[in-house]
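Here the structure is laid out as structure tokens; the discussion comes afterwards.
The values are calculated or read from the model by the stated rules, or taken from the named source; none is laboratory data. Everything quoted here is computed from the prediction, not taken from an experiment. Quick reminder, even Gly has a Cβ in these numbers, built from the backbone with ideal geometry, and neighbours come from all protein chains shown.
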Amino acid sequence: MSAEPLLEVSDLSVRFDTDEGPLQAVDRVSFTLAPREVLGIVGGSGCGKSVTCMSLVRLLPQTAAVTGSAVFDGVDLLALGPRRLRRVRGREISYIFQEPMTSLNPVFTVGDQIGEVVRRHLGLSRRAARQRAVELLQLVRIPAPERRVDEYPHQLSGGMRQRVMIAMALACDPKVLIADEPTTALDVTIQAGILDLMREIRERLGTAIVLVTHNLGVVADIADRVIVMYAGRKVEEAPAEELFAAPQHPYTVGLLGAIPRPGERQERLEEIPGRVPAAAAPLEHCVFADRCRFADETTRTQVPALRAVRRDHLVACFHPEADRAA
Amino acid sequence: MNDAAPALEVESLVKHFTSGRRIGSGGGTVHAVDDVSFSLRQGEMLGLVGESGSGKTTLANCVVRLHEPTSGSIRLHGRDITHLSRRDLRPLRRDLHMVFQDPYSSLNPRMTAGEIVGEPLRLHRLAGRKVRTGRVAEIFERVGLGPEHRFRYPHELSGGQRQRVGLARSLILNPSVLVADEPVSALDVSVQASILNLLRDLQRDMGFSCLFITHDLATVEFLCDRIAVMYLGKLVEVASRDEIFRDPEHPYTQALLSAALVPDPAEQRQRRRVVLEGDPPSPLDPPSGCRFRTRCPLHDLSAPDSDEIEPPLREVSPDHLVACHLSAPGSKTPRIADPPVTTPVTG
Ligand SMILES: Nc1ncnc2c1ncn2[C@@H]1O[C@H](COP(=O)(O)OP(=O)(O)OP(=O)(O)O)[C@@H](O)[C@H]1O
Ligand SMILES: Nc1ncnc2c1ncn2[C@@H]1O[C@H](COP(=O)(O)OP(=O)(O)OP(=O)(O)O)[C@@H](O)[C@H]1O
Ligand code: SF4
Ligand SMILES: [Mg+2]
Ligand SMILES: [Mg+2]
């Protein structure tokens with residue numbers, strides 16, 4: 001994946017102004033996305049996955065202060081005026097939200113909702129829009145699309161609703177699809193179908209996908225590269241196979257140890273003691289220090305910079321696995 | 001209590017809901033649980049898995065008598081509790097407890113964690129205030145909650161802490177049977193790990209029997225001795241954990257296991273998986289014959305039998321029950337997928 005990046009995010013930070021004071025949700029996160037690439041973003045609840053992605057398409061509320069840059073196709077998304085932003089959003093970069101039920105409007109048919117997107121962005125006529133909606137439903141493998149196009153969201157199963165969301169996101173042939181927990185609410189057999197669909201979309205349409213999930217199995221299935229986030233920071237980044245084979249950050253190691261592994265007879269699952277810190281401002285030490293068994297004076301007083309332990313494998317830790325093995 | 005009897009015996013249990021008319025649905029009968037029989041042995045962890053909507057929660061609710069079963073029977077330590085009145089049921093509630101899926105909505109927001117956990121003792125008039133406080137402190141420690149948590153309200157606790165409160169409440173009466181409906185599904189992996197470890201430790205120490213419901217196969221594999229698989233209101237397979245994971249028989253079980261994701265790209269990307277075509281049929285109008293036939297990759301091999309005759313759940317090898325026309329003692333269903341396995345990490 002050494003192609004020119006499609007999207008280049010640098011030093012992205014997000015701070016919320018809340019009733020209880022400021023909250024640093026994302027802290028100096030950088031990453032790139034190559035064409036046709038599936039980039040997984042994983043991490044525990046509240047680590048900043050959704051906020052990171054929403055900030056890219058400027059979907060955060062006014063209370064969010066966003067800094068850094070996100071260059072897409074030569075322009076900084078974070079500095080775009082409202083008109084150009086609208087053109088990019090939905091057309092070049094599409095977003096699938098974490099809760100599918102709340103993102104579909106219950107009073108309009110599936111066809112109306114997909115149609116509305118293509119009419120707005122592509123200026124299609126009512127008739128052409130409906131035709132396109134049927135094609136899209138077919139693309140996401142919904143059986144009997146001509147019939148389904150006139151149905152309402154509540155008439156569809158959870159898996160089908162998620163397919164409709166994907167169809168809607170693909171309506172304008174976006175270059176980037178950001179999917180936030182697209183399979184979390186679904187059961188395993190339906191999830192497998194959605195993952196196959198995303199793979200197929202990447203192959204056929206060449207769409208690059210940012211996939212947010214807390215499920216490491218999903219990442220193992222489909223991601224080319226993975227970013228691990230913890231408390232607003234990117235703590236590790238690696239090609240998927242390498243991340244699982246040779247995790248470097250103690251948090252990543254802990255996360256992998258915490259999931260039951262099929263086919264093994266484990267006596268105990270690994271626990272990560274302690275809690276995620278909530279910070280009002282960027283922490284000036286390692287975010288994982290108070291839960292880490294390798295923490296020391298350095299860890300508690302300095303921010304570990306991201307460094308490459310191998311080509312394409314970055315870790316923000318003073319004591320990565322690689323050092324211990326040596 | 002009859003010591004020789006299984007902790008729980010469910011026989012030919014049926015639960016139908018009569019649904020009212022709603023937009024797009026004509027009303028009718030929801031066949032949520034249809035003729036389900038199984039037993040939970042003493043001290044056993046039995047996992048119940050299956051697709052969303054297959055009837056797992058309904059079954060659990062019938063077992064703890066939150067739902068009135070349409071027909072069939074439930075025996076607790078040999079005693080028939082199917083038709084006991086609320087009053088007669090009351091003393092038995094001490095023996096049979098449920099942990100709910102959603103740790104938030106199942107806890108009373110106006111009570112402190114300590115009051116929530118101590119409430120069963122109070123309701124059953126089992127202990128005075130002082131003894132109660134002592135028991136609560138004990139169980140708090142057992143489930144890994146600090147004494148300071150006793151005075152917190154549910155909204156002041158994290159998801160994992162709330163789930164511990166729910167667990168403490170269920171265990172304070174020392175029940176002999178615990179029914180847990182997706183107790184960890186809403187939690188983060190690292191919190192999940194600590195609750196699963198805890199549940200296993202408590203079960204070993206206290207010796208209760210547990211019906212554990214989940215859609216996560218890796219979790220049941222970690223925790224359970226035996227596994228029951230449900231599809232559209234019916235049990236399709238019941239076997240020991242090792243049997244199910246090594247040698248799943250029913251085509252649905254095979255598909256389910258093949259869809260489980262192995263957290264290891266090297267393994268995961270090589271596996272043969274079957275993606276089930278189409279949507280699950282509506283429980284308002286389940287298919288005739290075999291309920292899985294509309295999505296079964298092996299349907300052709302069992303037709304026309306499977307279109308008309310419902311395959312009974314029968315023992316095909318010792319302690320291994322399967323409901324499929326292609327499975328019988330001495331003849332196995334064809335393998336259609338690879339079960340999930342990771343290569344053990346060495347060192
Ligand atoms: N609108 C908001 N106002 C204030 N704080 C917010 C807002 N949105 C998110 N946050 C906070 O920002 C942090 C990151 O949230 P985010 O939604 O990105 O987490 P996440 O990684 O997506 O978690 P999950 O896996 O639970 O979806 C959290 O602490 C969250 O409470
Ligand atoms: N009170 C009710 N009235 C009508 N139908 C109901 C009722 N409760 C459940 N059902 C239906 O019964 C079927 C079984 O539901 P149940 O909640 O038991 O499934 P489940 O296996 O627990 O699913 P999940 O994995 O999604 O929790 C579903 O079709 C559901 O819609
Ligand atoms: S009876 Fe036939 S349709 Fe039913 S599960 Fe077996 S092979 Fe499939
Ligand atoms: Mg999120
Ligand atoms: Mg349920």
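Tabulated results
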{"quantity": "Any hit, region A:124-144, residues being hydrophobic (A, V, I, L, M, F, W, C), surrounded by fewer than 16 Cβ atoms within 10 Å (Cβ to Cβ) and either within 16 Å of ligand 3 (Cβ to nearest atom) or closer than 25 Å to B:ARG295 by Cα (or both)", "calculated": "yes"}
{"quantity": "Residue among B:ASP319, B:ASP279 that is within 16 Å of ligand 2 (Cβ to nearest atom) and either free of Cβ contacts under 8 Å to residues at least 12 places away in the same chain or more than 30 Å from B:VAL30 (Cβ to Cβ) (or both)", "calculated": "B:ASP279"}
{"quantity": "Some residue of region B:209-217 being away from ligand 2 (no atom under 16 Å from the Cβ), on the phi < 0 side of the Ramachandran plot and within 19 Å of the chain's Cα centre (by Cα)", "calculated": "yes"}
{"quantity": "Neighbours by Cβ (under 6 Å, 6+ apart or cross-chain): first from region A:44-72, at positive phi; second within 14 Å of ligand 4 (Cβ to nearest atom) and in a loop (DSSP other than H, G, I, E, B)", "calculated": "A:GLY48/A:GLY232"}
{"quantity": "Candidate set: region A:199-229, residues that are over 23 Å from A:LYS175 (Cα atoms) and under 14 Å from the mean Cα position of the chain (by Cα); chosen: the one nearest to the other protein chains (Cβ to nearest Cβ)", "calculated": "A:LEU216"}
{"quantity": "Selected residue (criterion: nearest to ligand 5 (Cβ to nearest atom)) from residues of region B:48-107 that are of a type in the set (S, T, N, Q) and within 14 Å of chain A (Cβ to nearest Cβ)", "calculated": "B:THR57"}
{"quantity": "Region B:39-61, residues that are among the basic types (Lys, Arg) and touching a Pro at 6+ places or on another chain (Cβ under 9 Å)", "calculated": "B:ARG41"}
{"quantity": "Out of A:ASP187, A:ASP221, sole residue that is modelled with pLDDT of 90 or more and among the charged types (D, E, K, R)", "calculated": "A:ASP221"}
{"quantity": "Extreme residue, farthest from the other protein chains (Cβ to nearest Cβ), among residues of region A:230-251 that are without any contact (Cβ under 8 Å) to a residue 60 or more places away in the chain and either touching a Lys or Arg at 6+ places or on another chain (Cβ under 8 Å) or of a type outside the set (A, V, I, L, M) (or both)", "calculated": "A:TYR251"}
{"quantity": "Positions within region B:47-73 being in contact with a helix residue (DSSP H, G or I) (Cβ under 9 Å, 6 or more places away or on another chain), among the small types (Gly, Ala, Ser) and within 16 Å of ligand 3 (Cβ to nearest atom), in sequence order", "calculated": "B:GLY50"}
{"quantity": "Any hit, region A:68-77, residues being within 16 Å of ligand 1 (Cβ to nearest atom) and closer than 17 Å to A:MET229 by Cβ", "calculated": "yes"}
{"quantity": "Matching helices (runs of 4 or more DSSP H) fully within region A:84-193 where at least 1 residues are within 24 Å of the chain's Cα centre (by Cα) and without any contact (Cβ under 8 Å) to a residue 40 or more places away in the chain", "calculated": "A:100-103, A:126-139, A:158-169"}
{"quantity": "Given (1) surrounded by 19 or more Cβ atoms within 10 Å (Cβ to Cβ); (2) at the interface with chain B (Cβ under 8 Å from one of its Cβ atoms), index of the condition A:ARG268 fails", "calculated": "(1)"}
{"quantity": "Subset of region A:309-326 that is part of a loop (DSSP other than H, G, I, E, B) and free of Cβ contacts under 8 Å to residues at least 24 places away in the same chain - its residue that is surrounded by the fewest Cβ atoms within 10 Å (Cβ to Cβ)", "calculated": "A:ALA326"}
{"quantity": "Tally, over region A:6-60, of residues that are surrounded by fewer than 23 Cβ atoms within 10 Å (Cβ to Cβ), within 14 Å of chain B (Cβ to nearest Cβ) and in a strand (DSSP E or B)", "calculated": "0"}
{"quantity": "Test result for A:ILE259, within 21 Å of the chain's Cα centre (by Cα) and more than 7 Å from chain B (Cβ to nearest Cβ)", "calculated": "no"}
{"quantity": "The lone exception for B:SER176 - which of (1) at positive phi; (2) at pLDDT 90 or above it fails", "calculated": "(1)"}
{"quantity": "A:GLY81 vs. criteria away from ligand 3 (no atom under 16 Å from the Cβ), of a type in the set (Gly, Ala, Ser), modelled with pLDDT of 90 or more and surrounded by fewer than 20 Cβ atoms within 10 Å (Cβ to Cβ)", "calculated": "yes"}
{"quantity": "One residue from B:GLU68, B:GLU44 being at pLDDT 95 or above and of a type in the set (Asp, Glu)", "calculated": "B:GLU44"}
{"quantity": "Test: residue in region A:195-207 that is of a type in the set (Ser, Thr, Tyr), closer than 21 Å to A:GLY46 by Cα and not in a helix (DSSP H, G or I)", "calculated": "no"}
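Residue by residue, here is whether (1) hydroxyl-bearing (Ser, Thr, Tyr); (2) under 27 Å from A:LEU186 (Cα atoms); (3) at pLDDT 90 or above; (4) touching a strand residue (DSSP E or B) at 6+ places or on another chain (Cβ under 9 Å) holds:
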{"position": "A:LEU216", "(1), (2), (3), (4)": "no, yes, yes, yes"}
{"position": "A:ALA278", "(1), (2), (3), (4)": "no, no, no, yes"}
{"position": "A:PRO282", "(1), (2), (3), (4)": "no, no, no, yes"}
{"position": "A:ALA295", "(1), (2), (3), (4)": "no, no, yes, no"}
{"position": "A:GLN302", "(1), (2), (3), (4)": "no, no, yes, no"}
{"position": "A:ARG307", "(1), (2), (3), (4)": "no, no, yes, yes"}
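Yes/no matrix, rows are residues, columns are (1) surrounded by 18 or more Cβ atoms within 10 Å (Cβ to Cβ); (2) in contact (Cβ under 8 Å) with a residue 40 or more places away in the chain; (3) not aliphatic (A, V, I, L, M):
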| position | (1), (2), (3) |
| --- | --- |
| B:ILE195 | yes, no, no |
| B:ASP201 | no, no, yes |
| B:MET230 | yes, yes, no |
| B:PHE245 | yes, yes, yes |
| B:CYS290 | yes, no, yes |
| B:LEU298 | yes, yes, no |
| B:SER302 | yes, no, yes |
